[in-house]
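The block underneath contains the structure these notes are about, expressed in C-alpha cells.
Read-outs: derived from the displayed coordinates by stated rules, not from any lab. Treat the numbers as computed from the prediction; the structure is a model and nothing was measured. Here the Cβ positions follow ideal geometry from the backbone for every residue, glycine too, while neighbour counts run over all protein chains shown.
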Amino acid sequence: MKRRVLLIYTGGTIGMEKDYETGSLRAFDFGNIFQKLPEMKLIECEVSVHPFKKPLDSSDMGPEEWKIIANYIGKNYEKYDGFLILHGTDTMSYTASALSFMLKNLRKPVILTGSQLPIGDLRTDAKENLLTSLYYASLYENDEAVVQEVAVYFEYKLLRGNRTLKYSAEFFDAYQTPNYPLLGQSGVHLNVNKESLWRPKSGEEFSVDLHISQDVLFWRIFPGMHLNHFSEIPKVKVLVLQVFGSGTIFNTEKTQNTLQKLRDQGTEIVVISQCVSGGISFGKYSNSNIFTKIGAISGNDITAESAITKSMHLLDNPNNEGSFAKNFAKNLCGEVSE
Ligand code: ASP
C-alpha cells in the first residue's frame, strides 16, 4: 500500500530557481515540482502538493501562517499518512516549535524542511532534503507511523522540531538540537533513533489548538546594559528573559526592584539561557536567587524559539486549566528536559 503524504509549500529558498539571464532568484510554480524533480515519481509514496498562493520568505511568516498550516493539517489529518512542510530556513524553528504545541497528540509525522540553495541550483541541497523528508514523512512500521511528532529534516539529520535552532546561514548543516539527541540520520540507510522519538500519551486523541497570543516579549541582557531600559519595557503579559549561563543576572537592588515591578504589574517572567547548550538552574549561583524571589519561571534547557512560541500558545489559552506558570513548567511535547 502506498502511503499518502501531503506536501505544503510555504516558500523560502527551496522553491526558487535562478534566472540565468538576470542572475536573480525567483519563485517557481511548485505545482510543477514533478517536472522539476522527476525522481519524486520514484518514491514509494503518493504526494499531493498544496502550495501557498503567495510563497513567503519565512521572515514574513508568523501566527497567521502557523494557524493556516495547523488548520490545514487538522482538516486533512485522516486523509494522509504524513505531512511535509517546505519552509524558508530563517524562521523554520519557530514554525516547527509553534506547530508542535498546536498539533496535540500527533500520531503521524509532520516534517519541515527547506534548503540553503535553491532547488534549481547545480549544487543545491534542496533535492536531498526534500526526497529524504518524504521518506521520513511516509515511514511506517506495523501500520504505525515511526515519527509521531513535528520534526525538522535537514542535511542528513532528523531533529525534534521544538528543540532546533538555526545556527548557520552559511553551511548546509544549518540546524542543531544542542540539548537533545538526533531523532534519525540518513546515510546509506535511513536510520531512526527510536529511544529519542516522542510518543503521545495513550488514549489522548489528536486535536488542533490554534490559540496564539502575541502579548509576549523577548529580551536579552548584556553586561553594561542600562537598567533604566528594563523600566521602559512596555506592559506585556509574558517577558522571555534571556540571561547569562545557568541563570545569572546583575546582582543589584535596582535589578530586583525593576523585575519585581514587572511582576507586580502581572508580567510572567520566563528565564532562559544565552548558552545554546545546557540551561537554567536557579540557585546554583547567588546571582540567580533574584529569580526565585520574584517568582520567575525557569525555562530549563528550552530554546528561545520554543520558549517564545510555548508562551504564545499557553498565554490566556481558554483550553487550559491552571496557571500559566504551572503549564509552562510541563514538558508538553518533548521541548524541555524533565
Ligand atoms: N530568507 C529565506 C527564508 O527563510 C532563507 C531560506 O529559505 O533559506 O525564507
Calculate the FRET efficiency for Leu37 and Val188 from the Cβ-Cβ distance with a Förster distance of 30 Å, rounded to the nearest 0.05. 0.90
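Output needed for segment 1-103: three equivalent-ellipsoid semi-axes, defined as square roots of 5 times the C-alpha gyration tensor eigenvalues, in descending order, whole Å.
Values: eigenvalues 107, 83, 19 Å².
Gyration-tensor ellipsoid for segment 1-103: 23, 20, 10 Å.
So, by mean Cβ neighbours within 10 angstrom, what's the order for 169-179, 44-54 with the highest one leading?
Numbers: 169-179: 16.5, 44-54: 14.3.
The packing order, highest mean first, is 169-179, 44-54.
With only Lys, Arg, Asp and Glu charged, each at its Cβ (+1 for the first two, -1 for the last two), find how big the charge dipole of the chain is about the Cα centre; round to the nearest 20 debye.
Here the chain has a charge dipole of around 580 debye.
Gain in length, Asn251 to Asn331, computed as 0.36 nm per residue apart minus the alpha-carbon separation, to one decimal in nm?
That pair, Asn251 and Asn331, stretches by 25.8 nm at full extension.
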Go ahead and run the numbers for FRET between Asn142 and Lys18, Cβ-Cβ distance against an R0 of 35 Å, rounding to 0.05. 0.20
Taking Cα atoms only, helix 63-76 is inclined relative to the longest principal axis of the chain by an angle, in degrees rounded to 10, of 50
Taking only Cα atoms, what is the 0 to 90° angle, nearest 10, from helix 92-102's long axis to the longest principal axis of the chain? 80
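For His50 and Glu232, FRET efficiency with R0 = 45 Å and r from the beta-carbon atoms, rounded to 0.05? Write down the numbers at each step before the final one.
Details: r = 44 Å, r/R0 = 0.97.
The calculated FRET efficiency here is 0.55.
Just the projected area, averaged over all directions, of the convex hull on the alpha carbon atoms of segment 177-315: how many nm²?
Quarter of the Cα hull surface area: 11.2 nm².
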Rg from C-alpha atoms of the chain, normalised by the globular rule of thumb 2.2 N^0.38 Å, equals 1.04
Long-range lysine pairs (8 or more apart or interchain), segment 103-245, Cα under 22 Å: 9
